[in-house]
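Below you'll find the structure, written out as structure tokens, and then a few comments.
The values are calculated or read from the model by the stated rules, or taken from the named source; none is laboratory data. Keep in mind the model is a prediction, meaning the values are calculated, not measured. Note that we place each Cβ from the backbone using ideal geometry, even for glycine, and neighbour counts take in every protein chain shown.
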Amino acid sequence: MSPPDTIAEPPNDTEVIVFRRPTESAESEMDMTPMVDVTFLLLIFFMVTAAFSLQKSLEVPAPDQQEQSTQSQTLEELEEDDDYVIVEIYADNTIWVNESLAPGEQELLIKLREAREPVPGTDSIGASSLMVLASGDCRHETVVMVLDAGNAVGMERVRLATGDATDY
């Protein structure tokens, strides 16, 4: 069967649909929304992870080797001085604050705050200095916890001494 020689005209009441091929300019444009979303997500991720890397530090001045120490005091003199709170850390990581056991970090903070409070009925402002006596066999983590607790309660001067477990 051969094709017809004439094409039938559509009736006047119907619309003619014309299909067009997309032009090249429409294909070359790219939707940037997903790329912007990914960029913002990466930005937020890096900002959050950078905040976790901030750490608190305690500045400890280096001693001057050429200057004779004018503030040398014995342990007995420090124990008699009301301005000092003495914290002892033994080899088994037990913590004693002014000869009172502090079994955990919260108890340590409570005892240090109590030592900072002024004595009622006197003009004293409470202890503002911390002396940490750490055994050479105790954990570094425990010493840092005590130093951080002293810093948290506002101790102005901090001293650290280490030695053998039999020394104290």
_Any pair with Cβ under 7 angstrom, 6 or more apart, that starts in the range 94-114 at a residue that is closer than 17 Å to Ser128 by Cβ and ends at one that is assigned to a loop (DSSP other than H, G, I, E, B)_ = Leu109/Val153; Leu112/Val153; Arg113/Val153
*Please go through the range 72-131 and pick out each residue that is in a loop (DSSP other than H, G, I, E, B), modelled with pLDDT under 80 and aliphatic (A, V, I, L, M).*
Val119, Ile125, Ala127
*Hits in the range 136-154 (condition: outside any loop (DSSP other than H, G, I, E, B) and either of a type outside the set (S, T, N, Q) or in contact with an Asp or Glu (Cβ under 8 Å, 6 or more places away or on another chain) (or both))*: His140, Glu141, Val143, Val144, Met145, Val146, Leu147, Asp148, Ala149, Gly150, Ala152
*Among the residues of the range 97-112, which ones are surrounded by 16 or more Cβ atoms within 10 Å (Cβ to Cβ) and not small (Gly, Ala, Ser)?*
Val97, Asn98, Leu108, Leu109, Lys111, Leu112
